[in-house]
1. Where in region 342-400 are there strands (runs of 3 or more DSSP E), lying fully within it, with 1 or more residues that are within 20 Å of Ser150 (Cα to Cα) and open to solvent by less than 10 Å² (accessible area, probe 1.4 Å)?
2. Please indicate, with yes or no, whether at least one residue in region 129-137 is within 19 Å of the chain's Cα centre (by Cα), closer than 10 Å to Gly404 by Cα and among the aliphatic types (A, V, I, L, M).
3. Return a yes/no flag: does region 165-183 have any residue that is under 24 Å from Met10 (Cβ atoms) and either surrounded by fewer than 17 Cβ atoms within 10 Å (Cβ to Cβ) or in contact with an Asp or Glu (Cβ under 7 Å, 6 or more places away or on another chain) (or both).
4. Run down Phe27, Phe106 and say which single residue is crowded, with 16+ Cβ neighbours inside 10 Å, in contact (Cβ under 8 Å) with a residue 60 or more places away in the chain and part of a helix (DSSP H, G or I).
5. What pairs come up if the first residue lies in region 402-419 and is farther than 19 Å from Leu116 by Cα and open to solvent by less than 10 Å² (accessible area, probe 1.4 Å), the second is in a loop (DSSP other than H, G, I, E, B) and of a type in the set (Ser, Thr, Tyr), and their beta carbons are under 7 Å apart, counting only those six or more places apart or on different chains?
6. Identify all residues within region 181-200 that are under 19 Å from Ser238 (Cα atoms) and not acidic (Asp, Glu); write none if there are none.
7. Quick test for you: out of Ser136, Ser75, pick the one residue that is under 30 Å from Phe34 (Cβ atoms) and either out of contact with any Asp or Glu (no Cβ under 6 Å at 6 or more places or on another chain) or open to solvent by less than 40 Å² (accessible area, probe 1.4 Å) (or both).
8. State whether the residues of region 111-118 include one that is under 26 Å from the mean Cα position of the chain (by Cα) and on the phi < 0 side of the Ramachandran plot.
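The values are calculated or read from the model by the stated rules, or taken from the named source; none is laboratory data. As the structure is a computational prediction, the values presented were derived from the model and not from experiment. Every residue, glycine as well, gets a Cβ built from its backbone with ideal geometry; the counts of neighbours run over all protein chains shown. Calculation scope for accessible area: heavy atoms of the full protein, side chains included, ligands and nucleic acids excluded. Shrake-Rupley method; radii C 1.70, N 1.55, O 1.52, S 1.80 Å.
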Amino acid sequence: MDIKTRRLIMNGPFFTVLYAIYIYLLFTLVSNLFDGAGSSLILPLTLIIAGIYLLATVVQGLHPNQITHFLAVISEIWKGTSIYLLILTIIMHIISWIVNIPDIFFGIVLLVSVTLIAIYAVYNADKITIKNIDLSFDNLNEDFKFIHISDLHIGAIRRDRLLNNIVNKINEPNQVNADFVVITGDLADGSSPIYPNSFEILAKSKIPIFFTPGNHDFYPGIDNVIKAAKNANIRILSNQTIEIKNTQLIGIPFGRNGFTNSVSKNVDSDSSKTSKKFADFSHSVGSVGSNDFNNFDHEHIDIGNQIPNVESNENNSIDVNLESNRNSKDFEINIDLNKTSILLHHVPVGWDLFKDIGIDLVLSGHTHGGQFFPFNYFVKMVFPYLRGLYEDNGKYMYVSDGIGTLTPPMRLGTSAEMAVFHLKKKK
């Protein structure tokens, strides 16, 4: 069974049963707050909500259309809203045990609060926020700007509207004025098929776009995502380095589960230490999607001055052995320590390794910053580098909040983020 079918079964029938139980218990909890009012409606409402979710999920996953797209959006907004309904209902139950407050007051507060939270969260997820970040490096030849976005999740929920908003921001000369764009994974969501024209709106960008795949890009079929990206004039970086503005731009996609490396002489007196860390990193990345990765044809792309698999540059380069071969776990990228290096890697792990081998700036996504409260606390338990800029001895890692959304198109405590980096030569 392929990954698309497995996910459709898990997100469709299997999750619908769990979702129905959750909705039933939630409505029961709300009804009990008002002495059982409306208890006869709990079961039919649960079946209707669960049925709409199942219909929208399955149809959007197979043959999407405008009707089920609308149902999917409404269903996901309700799913997100229900979380705050649950939290506020529990709080009100606790208050009612302490203070005797009329039911009408609880009803008004609950209705108004949940409605306002939902409206704001939907609005906030749709509004792109530009974050400006200035960094200085010794080994830059010239100052330049670039845009970093991540986690668009184009699929059943996020579609052309988001892509148009992104292109409009990119092409605003008075606001961004960048030299190129990088996307650190999850261009696709996996909740609906990706067609050759799914990303075509991004072809309107007036500056180049570079993309390294994330985990969700494998769910609708990585070949479909790559084809749609190429049709939108997006350059794919997969285990490759290109040179732009005399700066190395390196792309390592999600799913590498085997790394080896060789380190050129005199770069590190303890070369075995670097080798060990690379091996350890291979396990921290994990093997999710590794079968799809190994079947993915990692094409070399000739953009600007491609940095090929070359020998070390005297004592100032590291040859990380990352050979692009679909039948091999090894691949090779040359890192020139005389030049600034930017690494695109979807999941915010492995920064210790990347710092040690000389990467100046690591760009990641994946976490969505937690997307909405209170999930930010749970996500941070899994990914300590949750969001924003991290610095250590002149090396940086930046984790994007993402510009799209996962499932509910809602954000609370985070923003739909477009980061604009201004790299400057250190004076």
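1. Values: elements: 361-364, 388-392, 395-399.
In region 342-400, 361-364, 395-399 are the strands (runs of 3 or more DSSP E) which contain 1 or more residues that are within 20 Å of Ser150 (Cα to Cα) and open to solvent by less than 10 Å² (accessible area, probe 1.4 Å).
2. Checked against the condition, which is being within 19 Å of the chain's Cα centre (by Cα), closer than 10 Å to Gly404 by Cα and among the aliphatic types (A, V, I, L, M), region 129-137 yields no hits at all.
3. No, that holds for no residue.
4. Details: Phe27 fails: in contact (Cβ under 8 Å) with a residue 60 or more places away in the chain.
Of Phe27, Phe106, the one residue that is crowded, with 16+ Cβ neighbours inside 10 Å, in contact (Cβ under 8 Å) with a residue 60 or more places away in the chain and part of a helix (DSSP H, G or I) is Phe106.
5. Gly402/Ser150; Ile403/Ser150; Glu417/Ser400; Ala419/Ser400
6. Matches in region 181-200: Val181, Val182, Ile183, Thr184, Gly185, Leu187, Ala188, Phe199.
7. Working: Ser136 fails: under 30 Å from Phe34 (Cβ atoms).
Among Ser136, Ser75, only Ser75 is under 30 Å from Phe34 (Cβ atoms) and either out of contact with any Asp or Glu (no Cβ under 6 Å at 6 or more places or on another chain) or open to solvent by less than 40 Å² (accessible area, probe 1.4 Å) (or both).
8. If we filter region 111-118 for residues that are under 26 Å from the mean Cα position of the chain (by Cα), which is where we start, we get 117-118.
Next, from what is left, pick out any that are on the phi < 0 side of the Ramachandran plot: 117-118.
Yes; the residues of region 111-118 include at least one that is under 26 Å from the mean Cα position of the chain (by Cα) and on the phi < 0 side of the Ramachandran plot.
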